[in-house]
1. Any residue that is modelled with pLDDT under 85 and of a type outside the set (A, V, I, L, M, F, W, C) - is there at least one of those in the stretch 10-17?
2. Taking the stretch 69-89 only, how many residues are in a helix (DSSP H, G or I) and touching a residue at least 24 places away in the same chain (Cβ under 8 Å)?
3. If you take the residues of the stretch 63-95 that are within 17 Å of Trp52 (Cα to Cα) and charged (D, E, K, R), which of them is nearest to the chain's Cα centre (by Cα)?
4. Considering every residue within the stretch 33-48, establish whether at least one is at pLDDT 80 or above, closer than 18 Å to Phe81 by Cβ and either surrounded by 15 or more Cβ atoms within 10 Å (Cβ to Cβ) or in contact with a His (Cβ under 9 Å, 6 or more places away or on another chain) (or both).
5. In this structure, does Ala101 turn out to be part of a helix (DSSP H, G or I) and surrounded by 13 or more Cβ atoms within 10 Å (Cβ to Cβ)?
6. Within the stretch 68-96, which residues are modelled with pLDDT of 90 or more and surrounded by fewer than 13 Cβ atoms within 10 Å (Cβ to Cβ)?
7. If a residue must be of a type in the set (Gly, Ala, Ser), in a helix (DSSP H, G or I) and either in contact (Cβ under 8 Å) with a residue 60 or more places away in the chain or under 19 Å from Glu6 (Cβ atoms) (or both), how many such residues does the stretch 51-65 contain?
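The values are calculated or read from the model by the stated rules, or taken from the named source; none is laboratory data. What you are looking at is a predicted structure, and each value in this text was computed from that prediction instead of being measured. Here the Cβ is made from the backbone with ideal geometry for all residues, glycine too, and neighbour counts use every protein chain on show.
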Amino acid sequence: MTRPTEQWPALFWFFDVLHQDYDSDYADPDACMADATADASMPKLQKALAEWHNAFDGATDEDVAALVQTFNPWWEADHLFGGYRGWAEWVRQHLEREIAARAGE
């Protein structure tokens, strides 16, 4: 059986980019994103977004919770994101924003 981190490696990488201290280790969240994704190509970001859709589109709440906990077990999903699905959506929004920012360069 393939582990989620192996099945969706680019998505796992992006969950790791948004680690629990991402916004306090840098001057601001944008600085963190710029540093963490500086070496990432547009295709890698697009692959992470495609993997996001593959992993989460149509997933049950239980599947979403298990997957998010596999990718990043440190944050309290209910308190910070209103649940695991909210957390997954937050990651998707960051991916889409980064891709849009690069497309506009």
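1. Going residue by residue through the stretch 10-17, those that are modelled with pLDDT under 85 are 15-17.
With of a type outside the set (A, V, I, L, M, F, W, C) added as a condition, the list becomes 16.
Yes, some residue in the stretch 10-17 is modelled with pLDDT under 85 and of a type outside the set (A, V, I, L, M, F, W, C).
2. Taking the stretch 69-89 and keeping what is in a helix (DSSP H, G or I), we get 69-71, 77-81, 84-89.
With the extra rule that they be touching a residue at least 24 places away in the same chain (Cβ under 8 Å), the set shrinks to 70-71, 85, 88.
Looking only at that region, the number is 4.
3. Arg92
4. no
5. Details: part of a helix (DSSP H, G or I): yes; surrounded by 13 or more Cβ atoms within 10 Å (Cβ to Cβ): yes.
Yes, satisfied.
6. Within the stretch 68-96, Gly82, Gln93 qualify.
7. 1
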